[in-house]
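The values are calculated or read from the model by the stated rules, or taken from the named source; none is laboratory data. In this text, all values refer to a predicted model and were calculated from it rather than measured experimentally. Virtual Cβ from ideal backbone geometry, glycine too; neighbours counted across all protein chains shown.
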Amino acid sequence: MTSYFADLSSIIEYRVRIEFTPPMDPLILAEGVPFVSLLTEIEANTLTATAKELRRLYNRIPYSSPLYWWETQSKNDGSAACVYIGQTVHLRVQKRFESHAVVMRLLARYVNSSDITVMFRLCSRLDVIYENCHHGIEHLPPDQAARVVTDVEAYLIYVNQPPLNIQRKHHPKKPWKPFVVEEMRFR
């Protein structure tokens with residue numbers, strides 16, 4: 001049996017701290033984003049033979065980005081608007097973007113726009129806080145991490161109302177366990 005650094009099974013509620021990268025140009029996707037899926041990162045944090053091979057392959061524990069945020073930025077006044085929020089629990093960020101019709105429609109809509117730029121942000125930190133301890137999402141068992149990411153994504157969609165998200169906009173999702181977003185930071 002694999003043991004994990006954190007476990008929410010006996011916790012009634014928790015808090016989260018979320019941090020996103022600075023806005024990035026979608027052209028970086030053509031160069032390849034080196035992130036793995038969240039589930040692969042969790043596996044790499046264990047003591048299994050597969051984890052050892054992943055650490056050898058990447059020369060470290062590879063990093064995932066469990067959430068991503070697409071926004072448009074006005075070239076005139078610099079204002080930004082969130083247009084889509086998604087998650088990457090099972091797929092690498094690049095694979096998720098490549099197969100995502102909503103993102104492709106977003107990019108196509110503004111490709112020739114002289115006043116709007118499309119950018120994306122990656123979740124660079126997602127901490128789960130309980131019993132006065134901070135734990136990275138990658139230290140939870142895979143099923144718990146997936147539930148936390150799904151609940152946080154649903155919360156962010158409900159609060160921000162991005163126009164290209166369809167689900168979770170009209171009513172809040174009942175979370176797996178109650179949580180509070182303690183801090184959300186954009187760099």
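Restricting attention to segment 111-136 and to residues that are more than 23 Å from Y63 (Cβ to Cβ) and of a type in the set (A, V, I, L, M), the residue that is surrounded by the most Cβ atoms within 10 Å (Cβ to Cβ) turns out to be V118. Taken as a whole, segment 12-20 holds at least one residue that is of a type in the set (K, R), touching a residue at least 60 places away in the same chain (Cβ under 8 Å) and closer than 24 Å to L140 by Cβ. Among the numbered conditions (1) among the aliphatic types (A, V, I, L, M); (2) touching a Leu at 6+ places or on another chain (Cβ under 9 Å); (3) within 21 Å of S124 (Cα to Cα), the only one that L8 does not meet is (3).
Against the definition (without any contact (Cβ under 8 Å) to a residue 12 or more places away in the chain and closer than 27 Å to V118 by Cα), how does I28 come out, yes or no? It is true that I28 is without any contact (Cβ under 8 Å) to a residue 12 or more places away in the chain and closer than 27 Å to V118 by Cα.
So that you can scan it fast, the table gives a plain yes or no per residue for (1) of a type in the set (F, W, Y); (2) outside any loop (DSSP other than H, G, I, E, B); (3) surrounded by 20 or more Cβ atoms within 10 Å (Cβ to Cβ); (4) touching a residue at least 24 places away in the same chain (Cβ under 8 Å):
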{"residue": "E138", "(1), (2), (3), (4)": "no, yes, yes, yes"}
{"residue": "Q144", "(1), (2), (3), (4)": "no, yes, yes, yes"}
{"residue": "I157", "(1), (2), (3), (4)": "no, yes, yes, yes"}
{"residue": "K177", "(1), (2), (3), (4)": "no, no, no, yes"}
{"residue": "E183", "(1), (2), (3), (4)": "no, yes, no, yes"}
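Select from segment 149-170 the residues that are over 11 Å from the mean Cα position of the chain (by Cα) and of a type in the set (V, I, T) and write down the one among them that is farthest from C82 (Cα to Cα). Applying the filter and picking the extreme gives I166. Taken over segment 110-129, the criterion of being assigned to a loop (DSSP other than H, G, I, E, B) and among the aliphatic types (A, V, I, L, M) is satisfied by V111 alone. Only helices (runs of 4 or more DSSP H) whose full extent lies in segment 1-77 are considered here, and the ones with at least 2 residues that are surrounded by fewer than 17 Cβ atoms within 10 Å (Cβ to Cβ) and modelled with pLDDT under 85 are 28-31.
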